């Protein structure tokens, strides 16, 4: 099922949560809505589900205008942030709920068989008789997914699906959700504030800030060519340096970088810690090391430029560095944005 | 048992045990002793006398009727107060506590004034051929009045705290309003509702002040058990008073035990493995 | 940008407009008939024989004595009960000791017991046929059919009022603050007054207000132990009964109007205290509380 959001607006009291968002989601796609809190991502998800109504604009499911269809008739599977499992029902009863209340009457045996099938799919065979309070957080998450899938939804919507789980469980469930998506091929939209989760899992990432889409694309597109300083900063650690653009070149101290299409004037340069290189001799940006942090994967160095800007970068663990040392930093890769 | 970090255990526990012992436990023990001093045969003949049995019947049946009414009305009131906003809802919310705040004797005489055959409601009802004051119906109305807040005030906070996501989840799975109420909301309210029902029923069984004015107090028909105890006292028949009072006491204990059991059952899904 | 629709929320369960209006209307009408009407009728009946009759009932020495006795009872019973409630809440929430659950059940017993049973029970402690009756007789101490009996019976029926407001709240607040204060060297009393009390003051006041309303209005238990001696051991509720059965309905309602006004003030105080956050944390009942606390 293809989903289309057409100029969707949502205001709560005076707070404009979603401002004129248009978005196309292809059938079978796995899309992440990524943004800081208050960026409107959950509101968008809830509007797609019918749990909130848009104040303006339209939402289409395929060719059908779904804007005013109530949630119970919309045919979406929704996985809530804290799962919203019915605490007084067993795991199996939770999964069967949608089939039992459906207008399409089903045989008891058919429902039981489908519940078994879903329990197998989410790898919870044998736990059907437990109550939600009696299983782990990761298991609850999978029950919530099975319950949402039981009604054969046209669209699967997940609100911060792994938000409440330990880091290890998150990573495992992430891989597993991708497998299930690939197996079932349901159009899936999920909300997260975790960049890694969005980039690892999604076919396409939609980055939101203050109620508008600031960039969308494949993980490769948004990582390799972030469209703005906000996206660059939001996607991961980045060093920021003041620069001056003159004739398509950005100058940071004595270093100059390609800055095609950036107008002359003040600019900012962003570079990931892994894209900085340290050497004892120039050329480069003069800096002195303030702290050295040793980590299992490498060695992180914190330094300060002669202009007073703080930098962080990674060096080989074998490289001898120490606090107070003077040297030069060069940039292997960087993004330049006009100010 | 971990070691106590905070001071004041012996003082606070001492005060508590002394007070509970002197004010609550001692009198109840005295009552049970007095009733026990009768011997089984005498005890049985007092508590199973026709007049006593008739008083149990009218008390229990009226209390059941009042509790059943309050179950529906109290739930509806709690629902309206948590789910809907309308002009004056704060006032209505505050007025729910009136039966708690208004002394029972005051409630008794004003309900009687309302429902007596020349009263505001009584005159209308008697035209319809319904007599309330001095009938078991009057007893029921007095019980409804005094016990209503129990159900509203136990259900209301649970209804307020109900996670909206549960309802949304049920809606997203296609449930209709009545299905969601019956399968999701009501079961989650059940423990609170049970607690409210049992408090309401216990209160109705023991209610005295609000009832005696409106009841008519005819032996064998509109005489409640609490009043029979009082009458036996006025006749200086202390043994009989003790025996019948002990029936009320044991009923109250039995209610407490049953309620706790039912609640534990209703809440068993919250237990971890 | 497309036109902005009227702002709507998706319907929740029970939001169907017709259902909603019907339910509100039904509940309001029933509530007005069952709860509001009894309050209003008091005013009407109290003044049914005019202002003069009203004033003379209130000014009558018997009424004044009943008011006096009611106030004195409250002045003794409420503070004692408050001290007990605070002590019980401190013991139960700040320490683990065997029998804690049982103690909680015992404290709540008066809630489920008929006030008449309470009155009779007191008769068998302090009455002539009671445990201490002969002893009290020998020293000529009057407990029953006198103020002490009235106070004791009132304390029985209201024993749980303060404790049940404090216990759930203090349970929820835990012991961290008190432990921190103690670790910084504060004494027990200091800890209580400067750390615990500020956090429970509204709930405490809430319990006191409810306790006071019940003490002033208690009828059943007090009518057993007071002896109903006009002008001597009649509290206001007993005085109302006496006038009512004397066919002085207007006088009974005039006296009742005093208690009704107190009831209205109690409700106002309750609402005000609830705005401060009192009365929020409430166990549905013991079992539910226990289930929650074992999690």
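A few notes on this one:
- Average beta carbon contacts from partner chains per residue of C:87-96, 10 Å cutoff: 6
- Per residue convex hull volume, Cα atoms of the range B:164-273, in Å³: 149 Å³
- When the alpha-carbon atoms of the range B:38-268 are used, the pair Rg, Dmax equals 20.4, 68 angstrom.
- Calculated log₁₀ intensity ratio I(q)/I(0) where the Debye formula runs over C-alpha points of the range C:25-90, q = 0.11, 0.20, 0.29 Å⁻¹: -0.57, -0.85, -1.10
- Calculated [θ] (222 nm, deg cm²/dmol) that DSSP helices of n ≥ 4 give over chain C, each run adding -39,500 (n - 2.57): -22500 deg cm²/dmol
- Separation of alpha-carbon centers, the range A:182-213 and the range C:212-227, rounded to whole Å: 67 Å
- Rounded to the nearest 5, the antiparallel percentage of DSSP beta bridges internal to the protein assembly as shown is 75%.
- Overall form of the range B:9-90 per C-alpha gyration tensor (a/c, 1.5; a/b vs b/c): oblate
- Each of the peptides A:260-271, B:102-113, A:2-13 was scored by the mean count of other Cβ atoms within 10 Å over its residues; in descending order, highest first, they stand as B:102-113, A:2-13, A:260-271.
- For A:302, B:220, order by how many other beta-carbon atoms lie within 10 Å, fewest first: B:220, A:302
- Average Cα contact separation per residue, chain C, under 8 Å, 6 or more apart, as relative contact order %: 28 percent
- Taking other Cβ atoms within 10 Å as a rough exposure proxy, C:90, B:178, A:176, A:278 sort from fewest to most as B:178, A:176, A:278, C:90.
- Across C:91, C:138, C:172, mean-square fluctuation computed from a Gaussian network of chain C (C-alpha pairs under 10 Å connected) peaks at C:138.
- Using the alpha-carbon positions of the range C:68-113, Rg (one decimal) and Dmax (whole number) come out as 13.6, 43 Å.
- Size-normalised alpha-carbon gyration radius of the range A:130-235, reference 2.2 N^0.38 Å: 1.17
- Taken residue by residue and averaged, Cβ atoms of other chains lying within 10 Å of the Cβ of A:67-77 number 4.
- For chain A: relative contact order, % (alpha-carbon pairs under 8 angstrom, 6 or more apart): 16 percent
- Considering only the range A:3-231, percent of DSSP beta bridges that pair antiparallel, nearest 5: 50 percent
- A straight line joining the Cα centroids of the range B:132-183 and the range C:247-272 runs 29 Å.
- For chain B, adding -39500 (n - 2.57) for each run of n ≥ 4 DSSP H residues and dividing by the number of residues yields -23500 deg cm²/dmol at 222 nm.
- Shielding by partners for peptide B:251-258, expressed as the average number of C-beta atoms from other protein chains within 10 Å of each residue's C-beta, is 3.
- Eigenvalues of the alpha-carbon gyration tensor of the range A:3-231, scaled by 5 and square-rooted, set the equivalent ellipsoid semi-axes at 30, 21, 15 angstrom, largest first.
- Debye intensity ratio I(q)/I(0), log10, the protein assembly as shown, q values 0.10 Å⁻¹ (C-alpha model): -1.15
- Counting neighbouring Cβ atoms within 10 Å and putting the fewest first, the residues B:53, C:76, A:104 line up as A:104, B:53, C:76.
- Cα shape, the range A:250-331, gyration tensor, a/c 1.5 rule: prolate
- Fluctuation leader among B:13, B:188, B:205 - chain B, Gaussian network, Cα springs under 10 angstrom: B:13
- Residue ranges A:52-64, C:17-29 sort as A:52-64, C:17-29 when ordered by packing (mean number of other C-beta atoms within 10 Å per residue, highest first).
- Separation of alpha-carbon centers, the range B:192-251 and the range B:58-84, rounded to whole Å: 21 Å
- In degrees, nearest ten, helix A:91-101 long axis to first principal axis of chain A (Cα): 60 degrees
- Three-way shape label, the range A:200-308, alpha-carbon gyration tensor, a/c 1.5: oblate
Only the coordinates and a few stated rules stand behind these numbers; no lab work does. Since this is a predicted model, take the numbers as computed values, not measurements. With ideal geometry, Cβ positions are generated from the backbone for all residues, glycine too; neighbour counts draw on all protein chains shown.
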